[in-house]
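Report on the following structure.
Read-outs throughout are calculated quantities, based only on the coordinates presented, and are distinct from any laboratory measurement. These numbers come from a predicted model, not from an experiment. Ideal geometry is used to build each Cβ from the backbone, glycine not excepted, and the neighbour counts take in all protein chains shown.
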């Protein structure tokens, strides 16, 4: 029987979407689902909700089992064909709070802090050791499984798995799927959605919409550039940073403006606080979201748990489509995060984790060659790749000196702080994170 293991199954809503999709896919629905988490209550809630969906949407075809704690992780993984990763190490408290509060003391403000910046680096440093333990278990009990990683920071985690483990890994993100649709709808060009053709490549959260044409092959960028400039100059809205990218660099980017505001030194500057209002940048956005989700979860979980008629319809999430393509040898195309082996993007080193179009079939996941990016996009992206590679190096060596170097090459840290301040901030963060970072000397 096909076995699918979900690591971080206490992420109930996301587990419901991915595994609900599996149960709505005829080729996958008669499977074994292994739910793994370290939070007993959240794990029980996820299993109850998924059992209800299994009865209502899948006629009980799936076999669903839960596995709690590290001592049961190998059993959860044993014999798996696909492993979905959606963990968050350290949670909102203490780790996310620490990642925001200590840098703020040094004058560094953040929006999301899960991909780059000092917050993204810290998140990678505490998450990769956990994922390395997953990998060692997988190498032993399910060596042929595909590891579908949804956890951020995507490029650093996926890059580490691909470089330092034997696990077949691909990183998956929603932003590629919705990029051009979001842009066209924002610019009142929804009539161009049907039949459009696009090409996206770069790195996770900084994938560039290199080409966008309508059903007749007409280039949509001239009109996009005109409308984006007009919209940014006429009113405030929630995508001003990415529209400013279009004005300055010529191209739109996959991930949201609140994310991209902190991937460079242009928009959040201590000496230019007026930029926050000018570009409508939501500082401390991620902690606010966490607080809101925590406050709403009790009500949401109660409603889900009490809904005996709870069902599911298949979403656009990549995971079930990848599983179906590999399991049934039915080819599809995705945007995936993979190593830049063979210089898929010729501007970047082979060790970089890039986001490129990939073909998926019964033989696995096959990245496609992109070639060179426009020079300004390659230069912009390399400012993010450099600290990503140095952070991966630091997690491999476990040396604090390598962490300092990653932070020194991170765009916003380098722009705002002195080297001494960066070293002091890193030391303070590592100490505050305690056991989560005890492995770094």
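For this structure, a couple of remarks:
- Helix-derived mean residue ellipticity, 222 nm - over the chain, DSSP H n ≥ 4, -39500 (n - 2.57), to 500: -15000 deg cm²/dmol
- Kirkwood Rh, angstrom, region 97-144 [1 / mean 1/r, Cα pairs]: 12.3 Å
- Placing a label point 7 Å from the Cα of residue 408 along the Cα-to-Cβ direction, the residues of region 372-388 with a backbone N closer than 16 Å are 386-388.
- FRET efficiency, 1/(1 + (r/R0)^6) with R0 45 Å, evaluated for residue 438 and residue 330 via beta carbons: 0.45
- Under 16 Å from the residue 185 label point (7 Å along Cα→beta-carbon), backbone N, region 217-238: 238
- Model label zone, residue 163; criterion: amide N under 20 Å from point 7 Å along Cα-to-beta-carbon; scope region 341-380: 341-356, 367, 378-380
- Computed lengthening from residue 350 to residue 363, 0.36 nm per intervening residue step minus Cα-Cα distance: 2.4 nm
- If R0 is 22 Å, the Cβ-Cβ spacing of residue 271 and residue 236 corresponds to a FRET efficiency of close to 0.50.
- Length released on extending from residue 141 to residue 431, taking residue separation times 0.36 nm less the Cα-Cα span: 100.9 nm
- Anisotropy class of region 1-130 from Cα gyration tensor, a/c 1.5 cut: prolate
- Semi-axes of the equivalent ellipsoid for region 337-441, computed as √(5λ) from the eigenvalues of its C-alpha gyration tensor and ordered from largest down, come to 32, 18, 9 Å.
- Extension gain, residue 104 back to residue 225 (0.36 nm per residue minus Cα-Cα distance, nm): 40.0 nm
- Put the Cα centre of region 364-385 next to the Cα centre of region 7-43 and the gap is 33 Å.
- Three-way shape call for region 195-308 based on the alpha-carbon gyration tensor, with the a/c threshold at 1.5: oblate
- Cα gyration tensor category, rounded, prolate or oblate, for region 86-200 with a/c compared to 1.5: oblate
- Estimated FRET transfer efficiency (residue 376, residue 30; beta-carbon r; R0 56 Å; 0.05): 0.65
- Model label sites at residue 65 and residue 290, defined 7 Å from Cα along the beta-carbon direction, differ in position by 3.4 nm.
- Listed peptides 416-426, 167-177 appear in the order 167-177, 416-426 once ranked by packing, highest mean of other Cβ atoms within 10 Å at the front.
- With Rh defined as the Kirkwood radius, the inverse of the mean 1/r over Cα pairs, the Rg/Rh of the chain is 0.95.
- Volume in Å³ per residue [convex hull over Cα atoms, computed for region 344-395]: 81 Å³
- Cα centroid separation - region 98-135 against region 201-255, whole Å: 28 Å
- The share of Cα pairs per 5 Å bin across region 204-246, counted from zero up to the longest distance, runs 5, 19, 26, 21, 18, 9, 1 percent.
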